[in-house]
Amino acid sequence: MYFETVYVTPEIAAEWLQSNDGNRTVKRQTVEQYARDMSAGRWLMTGEPIKFTADSRMLDGQHRCLAVIASGVAVLMAVVRGLDSGTQLVMDSGPSRSAADALKIKGGKSVVVGNSRVDIVTEDELKAQFGDAVPDAEGRKAYMAGLTFRTLSAAKAARALQDGKIGGVIESAGRVVVPARQALNALLEFIE
């Protein structure tokens, strides 16, 4: 078994996906989110590798490779080769890190009530996620609010906001963001 780091181009990702046999169903929303992060320069190499067997069959990494292709940018990734094919059965079987876990690590707080989540985060973190849509920080010492609502249809949420004369709505695949200047200085996000 050996490890390496590779700048994965869309061409390399496409080549690797040729050996992606017997993997789980692709989650399009995951690919789209990863591609948005890659295109915006927010993708971080976490050390979680793209995984291959000794005979070069991909065991893990299809969503990241599909996102590289969709984004059209090269991304630095860890790669491990030479794994036993049986290891695929236990990959990704542990609990995933929730948004609340990530916020706690960064010193923020997250509260979930029903299908809604309220995140209290640092100004820098909110700007990293939402850019110009964040609230005006004037008068706040450290934390700002971002409200995330789960919805069955981001498109319906966007139409309802437009019908309610809420301007500046930013739509992308499975996600609608209402800039803080349009929502009483608290950023609103609707996700499917």
Highest to lowest packing among 52-64, 21-33, scored as the average C-beta count within 10 Å: 52-64, 21-33
Ser19 versus Asp37: modelled label distance in nm, points set 7 Å from Cα along the beta carbon direction: 2.5
Cut-off under 5 Å, modelled amide H: who pairs with Ala173 long-range: none
Too-long pairs where the Cα-Cα distance tops 31 Å, listed order kept, from Lys51/Lys156; Lys51/Lys127; Lys127/Lys156: Lys51/Lys156; Lys51/Lys127
Gain on full stretching of the segment that runs from Ile170 to Glu192 - 0.36 nm per residue minus C-alpha separation: 6.5 nm
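Every read-out reported here was derived from the displayed coordinates using simple, explicitly stated rules and does not represent laboratory data. What you are looking at is a predicted structure, and each value in this text was computed from that prediction instead of being measured. With ideal geometry, Cβ positions are generated from the backbone for all residues, glycine too; neighbour counts draw on all protein chains shown.
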